[in-house]
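In what follows, a single structure is set out as structure tokens and then discussed.
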Amino acid sequence: MKNKAHHVSRYAFSAGERILPDANVWLYLYSPASIGLDARIVDAYANAWDTLLEKGAVACIDPIVISEVINRLLDEEWLRLDPPDPVTRVRRYRKRKDFRQSADYTAAARVVEALTKQITADSTPVATPFASMDIDVMLTDFGSGSTDWNDQLIVETCRHHGCKLLTNDTDHTEGGIEVLTSHPRLLRACP
């Protein structure tokens, strides 16, 4: 079933309404400037965030989304601390595990810890409803190549907790939930 998309800049948030920001939105709101995100996109979601808070909507967070945020922030810190050599394109830590076992990792993890604590302080945790999901159907959809596994989990979490998904991810076209976005392609795909 198609999702229903609303343009985030025109959406009227309401008190008590449950919103699940996707990982990309948390990154727009809390990433260090070194990531170099598109300022127009960041502004759209920062304005929506301000309105969400002003109207008393509830920002929710689940383990899948926070895991995606942490992993992306760690990758960005790894790249910042260990950029590829300009000539050879080789990095000191060729794999993330090598980075994780390095002396540089603790500093990177502390940065990510601080950003993640800000996110969790500004949100309400919700549990994943994994035990009630139709895992066989979800795995079949995943196996067909038509859906991302984590995206399915996020959609099911939204459905279970009555959340709208705040996202800039154009993959969120299916699931029968409401999505809030500024992405033109997602808005066209889910009228």
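The values are calculated or read from the model by the stated rules, or taken from the named source; none is laboratory data. The model shown is predicted, which means the values in this text are computed figures rather than measured ones. Counting neighbours? That spans all protein chains shown, and the Cβs are built from the backbone with ideal geometry, glycine included.
The residues in the stretch 100-129 that are part of a helix (DSSP H, G or I), surrounded by 14 or more Cβ atoms within 10 Å (Cβ to Cβ) and touching a residue at least 12 places away in the same chain (Cβ under 8 Å) can be counted, and the count is 8.
A15 fulfils the conditions (1) among the small types (G, A, S); (2) surrounded by fewer than 22 Cβ atoms within 10 Å (Cβ to Cβ); (3) outside any loop (DSSP other than H, G, I, E, B) except for a single criterion, (3).
Rundown of residues vs (1) surrounded by fewer than 12 Cβ atoms within 10 Å (Cβ to Cβ); (2) touching a residue at least 60 places away in the same chain (Cβ under 8 Å); (3) in contact with a strand residue (DSSP E or B) (Cβ under 7 Å, 6 or more places away or on another chain); (4) of a type in the set (K, R), yes/no style:
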residue: A59; (1), (2), (3), (4): no, yes, yes, no
residue: I64; (1), (2), (3), (4): no, yes, no, no
residue: E68; (1), (2), (3), (4): no, yes, no, no
residue: M133; (1), (2), (3), (4): no, no, no, no
residue: C163; (1), (2), (3), (4): no, yes, yes, no
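Are any of the residues in the stretch 77-90 exposed (fewer than 15 other Cβ atoms within 10 Å of the Cβ), more than 17 Å from the chain's Cα centre (by Cα) and touching a residue at least 24 places away in the same chain (Cβ under 8 Å)? Looking through the stretch 77-90, at least one residue is exposed (fewer than 15 other Cβ atoms within 10 Å of the Cβ), more than 17 Å from the chain's Cα centre (by Cα) and touching a residue at least 24 places away in the same chain (Cβ under 8 Å). Within this structure, V155 fails the test of being among the hydrophobic types (A, V, I, L, M, F, W, C), in contact with a strand residue (DSSP E or B) (Cβ under 6 Å, 6 or more places away or on another chain) and crowded, with 16+ Cβ neighbours inside 10 Å. Residues in the stretch 162-186 that are basic (K, R) and either within 17 Å of L27 (Cα to Cα) or under 13 Å from the mean Cα position of the chain (by Cα) (or both): none.
Here is a yes/no grid of residues against (1) assigned to a helix (DSSP H, G or I); (2) more than 28 Å from W78 (Cβ to Cβ); (3) modelled with pLDDT of 95 or more:
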| site | (1), (2), (3) |
| --- | --- |
| D136 | yes, yes, yes |
| G145 | no, yes, no |
| D151 | yes, no, yes |
| V155 | yes, yes, yes |
